[in-house]
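Here is the structure we will look at, set down as structure tokens.
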Amino acid sequence: MAYQNIEVDFKDGLGTITLNRPPVNVLNIAMMDEINAALQEWQGKKDLKVVLFNAKGKCFSAGVDVGEHMGDLAPKMIGAFHRIFRLMDKLGAVTVASVFSSCLGGGCELAIFCDVAVSAESGKFGQPEIQVGVFPPIAAQFMPRTIGRKAAMDLILSGRIITAEEALRLGLINRVVKNEELEKETSAMLKPYLGLSAEVLRLTKKAINKGLMDDFDPSLQAIEKIYLDELMKTNDAQEGLKAFLEKRKPTWKNE
């Protein structure tokens, strides 16, 4: 596949997906399809140990394309976006995010879903979806299990943006490094995993996930049903998305 929105590389057990849709790596359906194609190609790859998500441009990712989230396109976008996480869940390899500057909405979900995340000091994390009348399904499923119910409620219900240091304190990410040392520190974090057995890594990750006693896909399906069958049929969800595109404050009708 010829990639237009990402760069893909595989070498010595490390698969790298670099977000490259200037200026702020907004995730549209085409970009999601490319990420899915790369992850699908790596399914069953016996020597894959680590998948690294990093980015070029001004930031890691400012989120999903709101313009492709309207009307009939919404189910297609949700399907393409959530397939990324389903493929990551099935992959078995260690997943790592290397983040700088804005890491918001769908971009934040991608980063925090990874097993390990390192951020530059410039990192800003948040799920601002509620401010445009929707909620983040992946974060709703995954964040309470990562940082606890109360912290997840605060972040998702307020939509507030937090610093890398606060994200570290909450347990959303693993490490904060100096801006100029992000690439070097990311490589240092990868080194221990790349020296281990791919199969042992896969089985150990499987055991940890079993220990959580939580099946990701059935839980996400239930959340998707609320999102598509209930939330996206409300007037306020449509108003919030429309207001965002029109660069105005939404007028909520509470219906």
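Taking the range 58-85 as the range and being farther than 17 Å from GLY240 by Cβ, touching a residue at least 12 places away in the same chain (Cβ under 8 Å) and not small (Gly, Ala, Ser) as the test, the residues that pass are LYS58, CYS59, PHE60, PRO75, LYS76, PHE81, HIS82, ARG83, ILE84, PHE85. Within the range 86-105, residues that are more than 30 Å from GLU199 (Cβ to Cβ) sit with their Cβ atoms under 8 Å from residues that are assigned to a loop (DSSP other than H, G, I, E, B) and among the aromatic types (Phe, Trp, Tyr), at 6+ positions apart or across chains, in these pairs: PHE100/PHE60; SER101/PHE60; SER102/PHE60; CYS103/PHE60.
Selection of first residues in the range 30-44 that are under 15 Å from ASN5 (Cα atoms) and of second residues that are assigned to a helix (DSSP H, G or I) and of a type in the set (D, E, K, R), restricted to Cβ pairs under 6 Å at least 6 apart or on distinct chains, gives the following pairs, ordered by first then second residue: ASN36/ARG83. Among the helices (runs of 4 or more DSSP H) confined to the range 140-252, the ones with at least 2 residues that are in contact (Cβ under 8 Å) with a residue 60 or more places away in the chain, closer than 28 Å to ASP72 by Cβ and out of contact with any Phe, Trp or Tyr (no Cβ under 7 Å at 6 or more places or on another chain) are located at 216-229, 235-245.
For the range 27-51, give me each residue that is touching a strand residue (DSSP E or B) at 6+ places or on another chain (Cβ under 7 Å) and either of a type outside the set (Phe, Trp, Tyr) or on the phi > 0 side of the Ramachandran plot (or both). Answer for the range 27-51, where residues must be touching a strand residue (DSSP E or B) at 6+ places or on another chain (Cβ under 7 Å) and either of a type outside the set (Phe, Trp, Tyr) or on the phi > 0 side of the Ramachandran plot (or both): LEU27, MET31, GLU34, ILE35, ALA38, LEU48, LYS49, VAL50, VAL51.
Among the residues of the range 151-170, none qualifies, meaning not one is more than 25 Å from ALA62 (Cα to Cα) and out of contact with any strand residue (DSSP E or B) (no Cβ under 6 Å at 6 or more places or on another chain). The set of residues from the range 166-183 being over 18 Å from PHE113 (Cα atoms) and exposed (fewer than 15 other Cβ atoms within 10 Å of the Cβ) comprises LYS178, ASN179, GLU180, GLU181, GLU183. Of the residues ARG145, ARG149, the single one that is at pLDDT below 95, surrounded by fewer than 20 Cβ atoms within 10 Å (Cβ to Cβ) and either under 17 Å from PHE216 (Cα atoms) or more than 12 Å from the chain's Cα centre (by Cα) (or both) is ARG145.
The values are calculated or read from the model by the stated rules, or taken from the named source; none is laboratory data. Here the structure is a predicted model, which is why all the values come from computation and not from measurement. Quick reminder, even Gly has a Cβ in these numbers, built from the backbone with ideal geometry, and neighbours come from all protein chains shown.
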